Amino acid sequence: MDLELLNTKIAGIERETAEATQKVTSIDALRSLDSAVLGKTGSLGGLIANIKEFPADQRGQVGKLVNEAKGRIKSVLDARMAELQQAAASASDEESKWFDPTLPGNVRPMGSVHPVTAVQWEIERLFERLGFTVEDGPEMESEYNNFEALNIPASHPARDMQDTFWLANGMVLRTHTSPVQHRSMKKFGAPLRVIAPGRCFRYETIDASHENTFHQVEGLMIDRDIGLPHLIAMAKMLLTEVMQREVTVRVRPGYFPFVEPGIEIDMNCAICGGKKCPTCKYSGWVEILPAGMVHPNVLRAGGIDPDEWSGFAFGLGLTRLAMMKYGIGDIRILNSGDLRALVAPQRMGGPIIVDKTTKSRAVSEPRP
Ligand code: FA5
């Protein structure tokens, strides 16, 4: 691609988005459109992935063109969002006139372990059996640990891949659990087997599969002669154990500055069985486990000699895996305080999101 073609593409995307925006009649549909265009793999957001095709001296220009177009599209979407929110507020005023406070409320099911916690504990147990240590990291991170130590210097366009909440004190809300890779290398050195579950934060457009607050599990294994086959075997075992069935995965190349090579392991969407739904963004696949071989710069930054040691790392989308396991079609339910989301992370699968007429079963599971 060259700059002229890029400009033409951007103009086309802006035109099509403006047309589509006017046709959208619901807030959810507008959010989906936002993520389909501006999301990391969206029609505009995804263009940044092509940056490597441009000569180094044009990359700044490419970033600028894409970011300016993002700004213009965002204003069009925001304006439409304001209209739709206004319409929704008027409709709900109308409905509230008919609210009868004397009617009995719904009977609430008893709570249980949160589905994300249940899957996290399962994964911790599994990896502990394999000799991994479970590490924790702070949610407020230094810019260095979140980016630089992971081979993402300040000017690197890959910073755009993770929209970041910057704090007034110069720190960030960690955008991923990967900073724990660096912390663990510094703490333990090599060889190393560690997983790090935890909350991450991104300034994201929220839709059925994206939240601004979500969980990941980082995995890191460093030893002599570690290669991609170890990684893929580990990933398959992890998904099969959690889902308690054979899981169909697809492996494709993925770009993350802290691994080389990088891969994306997607699983067949358990919500629609691959038939395409909003949860899988109508693709039939859910991005669940990006991974790769730890980049030598990351090993060096962690004080480990890349000539002697190699390793793999992965960043499992824990919230999404919990959704797949329990048949939760919309990520927003999980942070919403809706008690139906707490009903029974039953030991074995099956949808747990019950409708108001379904009798729910509460299960609480003590932490092992
Ligand atoms: C990362 O965050 C990398 N740190 C993962 C990694 C680690 C790669 C180690 C290589 C080696 P990514 O941005 O794709 O990558 O996020 C990882 C996973 O987190 C995604 O596959 C997805 O399942 C989940 N995820 C990302 N953003 C969100 C979001 N907004 N809401 C819910 N889940 C998300």
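The values are calculated or read from the model by the stated rules, or taken from the named source; none is laboratory data. Remember, it's a predicted structure, so these values are computed and weren't measured experimentally. All Cβ positions, glycine included, derive from the backbone under ideal geometry; neighbour counts span all protein chains shown. For accessibility, only protein heavy atoms count, side chains too; no ligands or nucleic acids. Shrake-Rupley method; radii C 1.70, N 1.55, O 1.52, S 1.80 Å.
Things worth noting here:
- Any hit, the stretch 310-319, residues being of a type outside the set (D, E, K, R) and away from the ligand (no atom under 12 Å from the Cβ): yes
- Checked against (1) surrounded by fewer than 18 Cβ atoms within 10 Å (Cβ to Cβ); (2) more than 29 Å from ARG332 (Cβ to Cβ); (3) touching an Asp or Glu at 6+ places or on another chain (Cβ under 7 Å), MET293 passes all but condition (1).
- Search result, residues across the stretch 270-301 that are within 13 Å of the ligand (Cβ to nearest atom) and at positive phi: LYS281, GLY292
- Positions within the stretch 12-48 being of a type in the set (A, V, I, L, M) and touching a His at 6+ places or on another chain (Cβ under 7 Å), in sequence order: none
- Screening ARG202 against (1) among the basic types (Lys, Arg); (2) more than 22 Å from PRO138 (Cβ to Cβ); (3) open to solvent by less than 40 Å² (accessible area, probe 1.4 Å) leaves a single unmet condition, (2).
- When each of ILE265, ILE222 is tested for being in contact with a helix residue (DSSP H, G or I) (Cβ under 6 Å, 6 or more places away or on another chain) and either open to solvent by less than 10 Å² (accessible area, probe 1.4 Å) or outside the structural domain of GLY131 (by TED's automatic domain parsing) (or both), the lone residue that passes is ILE265.
- Wholly enclosed strands (runs of 3 or more DSSP E) of the stretch 159-269 bearing at least 3 residues away from the ligand (no atom under 14 Å from the Cβ) and in contact with a strand residue (DSSP E or B) (Cβ under 8 Å, 6 or more places away or on another chain): none
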